[in-house]
Amino acid sequence: MNFLGTLTGGVGDFLFGLAAFLFVLTIVVFVHEMGHFLVARWCGVKVSAFSLGFGREFYGFTDRHGTRWRFAWIPLGGYVKFMDDENAASVPAKTQVELTPEELAGSFHHKPLWQKASVVAAGPIANFLLAILIFAVFFMTIGSYTTAPRVDVLSEGGVAEKAGFRVGDTIRSIDGRKIETFQQLQQIVNDNVGTRLAFVVDRGGREVEISAQPELAEIPDGFGGKAKVGKIGIQRSNKREDWEHKVYGPVDAVALGVDKSWGIVRSTFAYLGNVIRGRQSADQLGGPVRIADASTKIAKLGLDQLVNFIAFISVSVGLINLFPVPILDGGHLTFYAIEALRGKPLSEATQEMAFRVGFGLIMALMLFAFWNDRFILLGWLPGTG
């Protein structure tokens, strides 16, 4: 999407991209905050505000329970604010006043520890449930296309060829994990760049053990750019008769939805682990700019692909929010775990310092993400895309 050029040469493309980005982010954020909201209401907490976006409100209304439903100008997140919150990060109000029995009943910070933890955890859980639901519906309606984990093409001079793979080999297991589809093979290889894996292959009815170490490679991402993935240099068949199409019942579809969502979590941790060990670069970490760019490109493939992308982003948002960083949901849950172990909460000074550190970490991560996305931003400029 040529961001500035569209303002003069293609307003339709710009609006299409903006709509796709807002569609993805709004649904993911709404579901996340609705998770907090519903469990809070179930626990009797008074919710003072439900906001989609940050900053100044451009539209809003107050419901009969006194909750202000607001839409703000900066569409990069949202929040649920409780009656006794100091701010949108759910920091307890500093002003301590004597509460009436009615106010005490609706106070979040006076609820039992398990209720507070349930309210906080409900946001990420809602994101995971959304992804599982979307994936399950896809498996029940569109189904899936799979191929056997068979070596049909070997890249000359590639890792697999050097390790001893042969055309016709069928991979049965990797590090003891049973492999049934080529997609499973790809996932494991991609998650284990620089790690030596033990393959067991079926070669004409005979089991053969092969050791190979996936390497990082750049491949076309389908949108004119490049993606970095783990590879060993084998390809599957492109013949139609070698592909199996299957539509699943509700139980199997949900199970596959859970497995696919967990696969995203597993891949995320694998990537972060490889970055820490120096096996992969951190340049794949992106932020709103990358989401906006991907949303625009994927939306052009069709609504079904965009909805599938929503599921991926929903898992990512749920997972990130569970990281034990103060200001995120995971940070609050960490505080509650410490409180449960100590029998009393951390001091206000300690919590305030932790929130400041957490805010600094989040800001640093956002700046790093924007730095990684600078080439996408440059690609939006006239004459550079």
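Has segment 333-343 got any residue that is hydrophobic (A, V, I, L, M, F, W, C), open to solvent by 70 Å² or more (accessible area, probe 1.4 Å) and part of a helix (DSSP H, G or I)? Break it down into steps so the answer makes sense when it comes.
The initial filter retains those residues of segment 333-343 that are hydrophobic (A, V, I, L, M, F, W, C), namely 333, 335, 337-338, 340-341.
From the residues that got through so far, the ones that are open to solvent by 70 Å² or more (accessible area, probe 1.4 Å) too are 341.
Subsequent filtering for residues that are part of a helix (DSSP H, G or I) retains 341.
Scanning segment 333-343 turns up at least one residue that is hydrophobic (A, V, I, L, M, F, W, C), open to solvent by 70 Å² or more (accessible area, probe 1.4 Å) and part of a helix (DSSP H, G or I).
Among the residues of segment 171-180, are any free of Cβ contacts under 8 Å to residues at least 60 places away in the same chain, open to solvent by 50 Å² or more (accessible area, probe 1.4 Å) and of a type outside the set (D, E, K, R)? So that I can check it myself, show each step before the final result.
From segment 171-180, those free of Cβ contacts under 8 Å to residues at least 60 places away in the same chain are 171-180; that's our starting set.
So of that shortlist, the ones also open to solvent by 50 Å² or more (accessible area, probe 1.4 Å) come out as 172, 175-178, 180.
Applying the additional criterion that residues be of a type outside the set (D, E, K, R) yields 176.
Yes, there is a match, as at least one residue in segment 171-180 is free of Cβ contacts under 8 Å to residues at least 60 places away in the same chain, open to solvent by 50 Å² or more (accessible area, probe 1.4 Å) and of a type outside the set (D, E, K, R).
Could you list, in sequence order, all residues of segment 236-266 that are polar (S, T, N, Q), surrounded by 14 or more Cβ atoms within 10 Å (Cβ to Cβ) and either at pLDDT 95 or above or out of contact with any Ser or Thr (no Cβ under 7 Å at 6 or more places or on another chain) (or both)? Steps first, please.
So in segment 236-266, the residues polar (S, T, N, Q) come out as 237-238, 261.
Applying the additional criterion that residues be surrounded by 14 or more Cβ atoms within 10 Å (Cβ to Cβ) yields 237, 261.
Within segment 236-266, S261 is the sole residue that qualifies.
Take L99 and decide whether it is touching a Ser or Thr at 6+ places or on another chain (Cβ under 8 Å), without any contact (Cβ under 8 Å) to a residue 24 or more places away in the chain and among the aliphatic types (A, V, I, L, M).
Values: touching a Ser or Thr at 6+ places or on another chain (Cβ under 8 Å): yes; without any contact (Cβ under 8 Å) to a residue 24 or more places away in the chain: yes; among the aliphatic types (A, V, I, L, M): yes.
Taking the combined requirement at face value, the residue satisfies it.
Report yes if some residue within segment 320-338 is among the β-branched types (V, I, T) and closer than 30 Å to E215 by Cα; otherwise report no.
The answer is yes; a qualifying residue exists.
Mind counting the residues in segment 140-185 that are within 23 Å of S267 (Cα to Cα), touching a helix residue (DSSP H, G or I) at 6+ places or on another chain (Cβ under 8 Å) and assigned to a strand (DSSP E or B)?
The qualifying residues number 7.
Would you pick out the residues in segment 241-264 that are in contact with a helix residue (DSSP H, G or I) (Cβ under 6 Å, 6 or more places away or on another chain) and assigned to a loop (DSSP other than H, G, I, E, B)?
Y248
May I ask you to list pairs of residues, at least six apart or on different chains, whose Cβ atoms are under 6 Å apart, with the first in segment 272-284 being within 16 Å of F368 (Cα to Cα) and in contact (Cβ under 8 Å) with a residue 60 or more places away in the chain and the second being of a type in the set (V, I, T) and in a helix (DSSP H, G or I)?
Cβ pairs passing all conditions: A282/V275.
Hey, can you tell me all the residues within segment 102-152 that are out of contact with any Ser or Thr (no Cβ under 7 Å at 6 or more places or on another chain), surrounded by 14 or more Cβ atoms within 10 Å (Cβ to Cβ) and among the acidic types (D, E)? Steps first, answer last, please.
Here is the first cut: in segment 102-152, the residues out of contact with any Ser or Thr (no Cβ under 7 Å at 6 or more places or on another chain) are 102-126, 129, 133-134, 136-145, 151.
Keeping just the survivors that are surrounded by 14 or more Cβ atoms within 10 Å (Cβ to Cβ) gives 103, 106-111, 115-126, 129, 133-134, 136-140, 143-144, 151.
Across segment 102-152, the qualifying residue is only E103.
Residues in segment 276-313 that are open to solvent by 50 Å² or more (accessible area, probe 1.4 Å), within 14 Å of the chain's Cα centre (by Cα) and among the hydrophobic types (A, V, I, L, M, F, W, C): how many?
Residues meeting the conditions: 2.
R56 is checked against (1) modelled with pLDDT under 95; (2) outside any strand (DSSP E or B); (3) open to solvent by 60 Å² or more (accessible area, probe 1.4 Å) and fails just one. What number does that condition carry?
Unmet for R56, out of (1) modelled with pLDDT under 95; (2) outside any strand (DSSP E or B); (3) open to solvent by 60 Å² or more (accessible area, probe 1.4 Å): (2).
Looking only at segment 195-206, filter to residues that are over 14 Å from P149 (Cβ atoms) and not basic (K, R); which one of those is modelled with the highest pLDDT? Show your work before the answer.
Within segment 195-206, the first condition is being over 14 Å from P149 (Cβ atoms), and the residues that meet it are 195-196, 198, 204-206.
Now restrict to residues that are not basic (K, R): 195, 198, 204-205.
On the way: T195: 89, A198: 95, G204: 90, G205: 90.
Across segment 195-206, the extreme among qualifying residues is A198.
So, of the residues in segment 344-377 that are part of a loop (DSSP other than H, G, I, E, B) and either within 30 Å of V289 (Cβ to Cβ) or among the small types (G, A, S) (or both), which turns out to be modelled with the lowest pLDDT? Quick ask: steps written out before the conclusion?
Of segment 344-377, the ones part of a loop (DSSP other than H, G, I, E, B) are 344-347, 373.
Applying the additional criterion that residues be either within 30 Å of V289 (Cβ to Cβ) or among the small types (G, A, S) (or both) yields 347, 373.
Numbers: S347: 86, D373: 74.
The selected residue is D373.
Mind counting the residues in segment 186-215 that are in a strand (DSSP E or B) and within 22 Å of S237 (Cα to Cα)? Break it down into steps so the answer makes sense when it comes.
The initial filter retains those residues of segment 186-215 that are in a strand (DSSP E or B), namely 197-203, 206-212, 215.
Among the residues that remain, those that are also within 22 Å of S237 (Cα to Cα) are: 199-203, 206-208, 210, 212, 215.
Going through segment 186-215 one residue at a time, the tally reaches 11.
The values are calculated or read from the model by the stated rules, or taken from the named source; none is laboratory data. All of these numbers come straight from a predicted model, not from anything done at the bench. Glycine gets a Cβ as well: all are built from the backbone with ideal geometry, and neighbour counts include every protein chain shown. These area figures cover heavy atoms from the full protein model, side chains too; ligands, DNA and RNA do not enter into them. Shrake-Rupley method; radii C 1.70, N 1.55, O 1.52, S 1.80 Å.
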